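Undergrad: Sharing a structure with you now.
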Amino acid sequence: MFRVVPLAAALALTASLVSCSSDAGQQPATASAPTPSDNPLTRRDGVFQQDWAMNRLWEDGLAEVATYNAERVVYGGVRRFEYTLITVKEEFNQQFNVKTDDYQRKDLFPVMKVNQFCSIATENYPYHYLTSLFFRRDQPVQLLKLTTSSQEWCGNTFKAIADDGLQYQQTYNSYWDGQGTGQRALHRDVLFEDALPYTLRALRFEQKPEFLARIYALQQTSKASAPELYGAQIKVEEGQPTDTAEPAWRVRVRLSDKQENGYWFAKAYPNVLLRQTTWDGRNLWLKQVRRYAYWPGK
């Protein structure tokens, strides 16, 4: 059994999916600027392959579109729906930190975009989520940018996280009392739970590494409270033949003594996520994966 090392600087409050009623007595969350430091997980000789996305596969002009049968607990019930993960290479410009329209610019750099989308029906009203994560192509661990939004009948919530080179800056706008608008500084030498389906693909699976990492809790929620910072233990092991339809590596992510996630990745490159289980019931089973240009007019 994993033994998790507690973090003295852990942030409080778990960002979770809940109903429209506000938490009584909740105060606006604050966070002081963290001390700048390098992320040990980005070392070239570390547990991650920093050149994982440099493979020529990603230069074919197409997107990898993976569709999953999914489950998530909403309003106390298990909801079943379809979840889509899109992974594609794009060219960003430094001026606006977005996909460029002008490929003659001098400030271009390649990124990997990961979009996560779902629509969840309930007897009350539907929930819609879209999360976009961006990484420099040669840095599958260090998040460059994250945006996530939720829409349902109670209101809209939007959160953005950007790397300023010293720390992450998060801005937010939500319909929750005490979380209306604001910003906070986050630690930089961390992983993000939302990013694990992409980041963990770059592990040196054959070495079966086991290591510690700090992980910010899920941002794909309607809440905008300060994200909990876990002291997590990550372990790679052989997947069982009955777990997935093809040979896989299983990655166990123990966030706390009672919170563990599991991720199964195909052994063959590009190590597609085949299955996911989480402590709070966000489960995925790969339905199909294909490469195509999903955007109109292309």
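Undergrad: Using r as the Cβ-Cβ distance of residue 117 and residue 204, and R0 as 22 Å, what FRET efficiency do you calculate, to the nearest 0.05?
TA: Values: r = 30 Å, r/R0 = 1.35.
In this case the efficiency is close to 0.15.
Undergrad: For residue 223, list the aspartates and glutamates whose Cα falls under 16 Å from its own Cα; do not include residues on the same chain fewer than 8 positions away.
TA: Result set, ordered by chain and number: 23, 152, 177, 193, 194, 280.
Undergrad: Rounded, prolate or oblate for the range 106-181? Axes are the square roots of the Cα gyration tensor eigenvalues, ordered a ≥ b ≥ c, and the cut-off for rounded is a/c under 1.5.
TA: Details: a/c = 3.46, a/b = 1.72, b/c = 2.00.
Oblate shape, in that a/c is at least 1.5 and b/c is the bigger or equal ratio.
Undergrad: In deg cm²/dmol, rounded to 500, what helix-only [θ] at 222 nm does the chain give when every DSSP H run of at least 4 residues adds -39500 (n - 2.57) and the total is split over its residues?
TA: Details: 1 runs with 4 residues, N = 298.
The helix contribution divided over the chain gives 0 deg cm²/dmol.
Undergrad: Residue by residue through the range 39-51, which ³J(HN,Hα) values in whole Hz follow from phi under the Karplus form 6.51 cos²θ - 1.76 cosθ + 1.60 (θ = phi - 60°), with glycine and proline marked x?
TA: So the Karplus estimates, Gly and Pro as x, are 7, x, 6, 9, 5, 5, 9, x, 7, 10, 7, 5, 9 Hz.
Undergrad: Under unit Cβ charges (Lys, Arg +1; Asp, Glu -1), what dipole magnitude, rounded to 20 debye, does the chain have relative to its Cα centre?
TA: That gives the chain a dipole magnitude of about 360 debye.
Undergrad: Moving to a separate point now. Please list 283-289, 105-111 highest first by mean number of surrounding beta-carbon atoms within 10 Å per residue. The partial results should precede the final answer.
TA: Values: 283-289: 16.7, 105-111: 13.6.
So the peptides 283-289, 105-111, ranked by packing, come out 283-289, 105-111.
Undergrad: Pairs to check: 145/287; 113/159; 106/159; 99/267; 235/258. Give those whose C-alpha atoms are more than 24 Å from each other in this structure.
TA: Working: 145/287 28 Å; 113/159 17 Å; 106/159 30 Å; 99/267 31 Å; 235/258 16 Å.
Cα-Cα > 24 Å for 145/287; 106/159; 99/267; rest within.
Undergrad: Can you put 54, 112 in order, fewest other beta carbons within 10 Å first? Numbers along the way, then the final one.
TA: Working: 54 14, 112 21.
Fewest to most other Cβ atoms nearby, the residues stand as 54, 112.
Undergrad: For the range 237-298, what is the per residue volume of the convex hull drawn over the alpha-carbon atoms, in cubic angstrom? Working shown, then result.
TA: Values: hull volume 7.5 nm³, N = 62.
Residue-normalised Cα hull volume stands at 121 Å³.
Undergrad: For 260, 59, which order do you get if you count the other beta carbons within 10 Å of each Cβ and list the fewest first? Let's see the in-between values first.
TA: Details: 260 18, 59 10.
Going from least to most buried by this count: 59, 260.
Undergrad: Among [x] 1.25; [y] 0.94; [z] 1.00, which one is Rg/Rh (Cα atoms, Kirkwood Rh) computed from these coordinates?
TA: Of the labelled values, this structure produces [y].
Undergrad: Can you work out the FRET efficiency for the pair residue 181 and residue 240, with r the C-beta to C-beta distance and R0 = 45 Å, to the nearest 0.05? Walk me through the numbers before you get to the answer.
TA: Details: r = 47 Å, r/R0 = 1.04.
With R0 = 45 Å, the Cβ-Cβ based efficiency is 0.45.
Undergrad: Here's a follow-up. What does DSSP give for the chain in terms of the percent of beta bridges that are antiparallel, rounded to the nearest 5?
TA: 100
Undergrad: Ranked by Cβ crowding within 10 angstrom, fewest neighbours first, how are 150, 119 ordered? List each step's numbers first, then the result.
TA: Working: 150 23, 119 14.
So the residues, fewest neighbours to most, are 119, 150.
Read-outs throughout are calculated quantities, based only on the coordinates presented, and are distinct from any laboratory measurement. Please read these numbers as outputs of a predicted model, since none were measured by experiment. Glycine also receives a Cβ, built like all others from the backbone with ideal geometry; neighbour counts cover every protein chain displayed.
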